[in-house]
Structure formats: C-alpha cells, structure tokens
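One structure is given here, and the rest of the page talks about it.
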Amino acid sequence: MSSIRLDIVTAERAVYSEDVEMVIAPGVQGQLGILPHHTPLMTTLQAGELRIKKGGQEVSLAISGGFLEVRPDKVVVLADSAERADEIDVARAEEAKRRAQERLSEKGQTGADESLAEASLRRSLVRLKVADMARRRRKRA
Ligand code: ATP
C-alpha cells in the first residue's frame with residue numbers, strides 16, 4: 001500500500017514522524033482526509049482528534065490547533081500542542097475540564113473570558129476522548 005511521511009511538530013518538540021497510509025485532520029472547516037499523492041495545500045486546524053491509519057491500525061493524537069501543509073513528499077502538521085494517547089494525563093485533562101466549566105458558569109464574564117474558557121474546555125474534551133478511545137482499543141485487542 002502506498003504511504004506518505006507524516007511529521008507532527010510543536011514549537012517544543014517533534015511528536016510523530018512515520019510513513020502512514022492516511023491522515024484525517026480536524027480542519028477548521030471540518031475533517032480533512034489526506035491520502036498519498038494529495039494535491040499540495042496549506043490549511044488551519046482546530047482543536048480536535050488527528051487520526052492516522054498505518055499498517056491496518058489506527059492511532060489518534062490530540063491536537064489543539066495549528067497548521068497542516070501537504071507537500072509533494074510529506075504532510076507536515078505544526079501544532080500548538082499535540083499529544084499521543086499514551087502521553088495524555090487524564091487527571092490533568094479532567095481538572096482542566098472542571099476549571100473551564102466552572103469559569104463558564106460564572107456570571108459577569110467578558111466575551112474574551114468566555115472564549116478562552118470554551119477553548120480550554122474543548123482542548124480538555126479532545127484529550128479525554130483520545131485517551132478514552134485508545135483505552136477501548138487496547139481492551140478490544
Ligand atoms: P492545562 O490547563 O492542564 O495546562 P491546557 O489546555 O491549558 O491544559 P495547553 O496550553 O494546551 O494546556 O498545553 C500546554 C502543554 O501541556 C503542552 O505541551 C501540552 O502538550 C501539555 N498538556 C496539556 N494538557 C495535557 C494533558 N492532559 N496531558 C499531557 N500533556 C498535556
């Protein structure tokens with residue numbers, strides 16, 4: 001099966017670098033599926049799950065927005081943050097979710113406070129989802 005190199009990097013570290021068969025990324029306008037030989041493009045990502053198909057298996061990472069570039073020889077994701085499922089600290093994500101929900105329920109917030117809390121809530125929910133799906137996959141295997 002044909003494959004394409006996928007590099008996922010953040011400002012802090014290289015998170016993932018492998019030849020893969022398909023990438024499904026959370027584009028700002030919806031899910032974006034990329035197969036080898038895809039036309040070059042550059043797009044913005046939102047917080048969400050980035051799914052990778054490789055060797056008949058699927059793995060997911062939590063990303064919190066960034067950019068995706070399809071080049072002729074590889075796909076590059078420059079993420080604000082990215083974690084593989086096994087790197088996700090579930091207790092930390094639960095705590096971030098609780099804090100964000102608390103902030104959203106407070107009265108007298110500015111629109112900016114609310115947007116920050118919503119973004120934080122979304123990041124925590126994505127992390128919890130990715131960790132939970134990996135746990136279920138492990139159970140099935
Ligand atoms: P928190 O409120 O828990 O710090 P956050 O959403 O504000 O969460 P980010 O600003 O998105 O955190 O990320 C800061 C750094 O911490 C990044 O390197 C990110 O990968 C890492 N990180 C954040 N939450 C988790 C988590 N639950 N498990 C593992 N790494 C995390």
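Quick rundown of the values:
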read-out	value
Single residue of A100, A131 found to be surrounded by 13 or more Cβ atoms within 10 Å (Cβ to Cβ), farther than 19 Å from T43 by Cα and in contact (Cβ under 8 Å) with a residue 40 or more places away in the chain	A131
Segment 85-141 - residue that is touching a strand residue (DSSP E or B) at 6+ places or on another chain (Cβ under 9 Å) and at pLDDT below 95 and, of those, nearest to the ligand (Cβ to nearest atom)	A134
Sole exception among (1) of a type in the set (G, A, S); (2) outside the structural domain of A131 (by TED's automatic domain parsing); (3) loosely packed, with under 14 Cβ neighbours inside 10 Å for S115, by number	(2)
Pairs with Cβ under 9 Å, 6+ apart, first in segment 105-123 and more than 27 Å from A82 (Cα to Cα), second within 16 Å of the ligand (Cβ to nearest atom)	E106/D113; E106/A117; Q109/R103; Q109/A117
Selected residue (criterion: surrounded by the fewest Cβ atoms within 10 Å (Cβ to Cβ)) from residues of segment 71-92 that are out of contact with any Ser or Thr (no Cβ under 7 Å at 6 or more places or on another chain) and of a type in the set (A, V, I, L, M)	A91
Exclusive hit being more than 13 Å from V130 (Cβ to Cβ), buried (at least 16 other Cβ atoms within 10 Å of the Cβ) and among the charged types (D, E, K, R), set E95, E49, E21	E21
Looking only at segment 73-88, and only at residues there that are assigned to a strand (DSSP E or B) and charged (D, E, K, R), the one that is farthest from A14 (Cα to Cα)	K74
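The values are calculated or read from the model by the stated rules, or taken from the named source; none is laboratory data. Since this is a predicted model, take the numbers as computed values, not measurements. Glycine gets a Cβ as well: all are built from the backbone with ideal geometry, and neighbour counts include every protein chain shown.
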